[in-house]
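The values are calculated or read from the model by the stated rules, or taken from the named source; none is laboratory data. Not measured: the values here are computed from a predicted model. Please note: Cβ atoms are built from the backbone with ideal geometry, for glycine as well, and neighbour counts cover all protein chains shown.
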Amino acid sequence: MSPTVLHIIIKIVIFWVIFLILHFSYDWVKNPVVAVFSGTNESFMQHAKIGFLAYSLACVAEYFLWGIQSAAPGSFLYARVVTSMALPWVMFIVYYTAPAFYGKPMPTIPLEIVYANIILLVIGVILALFEPDLETITYSLRSGIILWTLWVLGFVEMVIFTFRPPWADFFRSDFKG
């Protein structure tokens, strides 16, 4: 197995484990501080928040495992900021493939859980394969500031929407219309 493949597998396993921990943390400890980082319901937005944070944390682990030795650690890091921010949209596109073509809910909860976990791994592979190309970009200070500002703003919005979701059903699983 090549070092690159092993690197991707390790990162995806880290992402998957962190995702699962964050997914169930609020069920284990119903606390507002935990809600900041965990999902509080089964809406897409809560899963996007969990994915965003889990992938960001997996990227931090990846940086300490391999990024420090990178020829361009700044580009390595910025590439991960970009993919972390892209994750919610990639999650939306990939996860909703089955509902788009199947057209109805999964027939059983166990099948839904298996499907969701496979999709999570597919998302990790997609983003991890895209990152080396993003590393070839030379990011200016302006680009870095924009990326970090968007990352922080995205996280802050996800936290706000955890406690005060907007009216749109995109953010809530119990929206009646």
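Points to keep in mind about this one:
- Pairs where the first residue, in the stretch 5-32, is of a type in the set (Lys, Arg) and the second is part of a helix (DSSP H, G or I), C-beta under 9 Å, 6+ apart: Lys11/Ala58; Lys11/Cys59; Lys11/Ala61; Lys11/Glu62; Lys11/Leu65; Lys11/Gly124; Lys11/Ala128
- Every residue from the stretch 133-151 that is in contact (Cβ under 8 Å) with a residue 24 or more places away in the chain and closer than 18 Å to Val60 by Cα: Leu134, Glu135, Gly144, Leu147, Trp148, Leu150, Trp151
- Condition met for Ser43 (in contact (Cβ under 8 Å) with a residue 24 or more places away in the chain, out of contact with any helix residue (DSSP H, G or I) (no Cβ under 9 Å at 6 or more places or on another chain) and farther than 15 Å from Gly124 by Cβ): yes
- The stretch 89-109 residues that are under 26 Å from Tyr55 (Cβ atoms), paired with ones that are surrounded by 13 or more Cβ atoms within 10 Å (Cβ to Cβ) and of a type in the set (Gly, Ala, Ser) (beta carbon under 7 Å, 6 or more apart): Met91/Ala48; Met91/Gly51
- Trp66 touching a His at 6+ places or on another chain (Cβ under 8 Å), surrounded by fewer than 19 Cβ atoms within 10 Å (Cβ to Cβ) and free of Cβ contacts under 8 Å to residues at least 60 places away in the same chain: yes
- Residues in the stretch 140-166 that are at pLDDT 95 or above and among the aromatic types (Phe, Trp, Tyr): Trp148, Trp151, Phe155.
- Residue match in the stretch 77-93 (condition: over 30 Å from Glu42 (Cβ atoms), surrounded by 15 or more Cβ atoms within 10 Å (Cβ to Cβ), in contact with a helix residue (DSSP H, G or I) (Cβ under 8 Å, 6 or more places away or on another chain) and not hydroxyl-bearing (Ser, Thr, Tyr)): yes
- In the stretch 64-81, residue modelled with the lowest pLDDT [restricted to those that are more than 16 Å from Phe130 (Cα to Cα) and in a helix (DSSP H, G or I)]: Ile68
- Members of the stretch 10-31 that are of a type in the set (A, V, I, L, M, F, W, C) and surrounded by 15 or more Cβ atoms within 10 Å (Cβ to Cβ): Ile10, Ile12, Ile14, Phe15, Trp16, Ile18, Phe19, Ile21, Leu22
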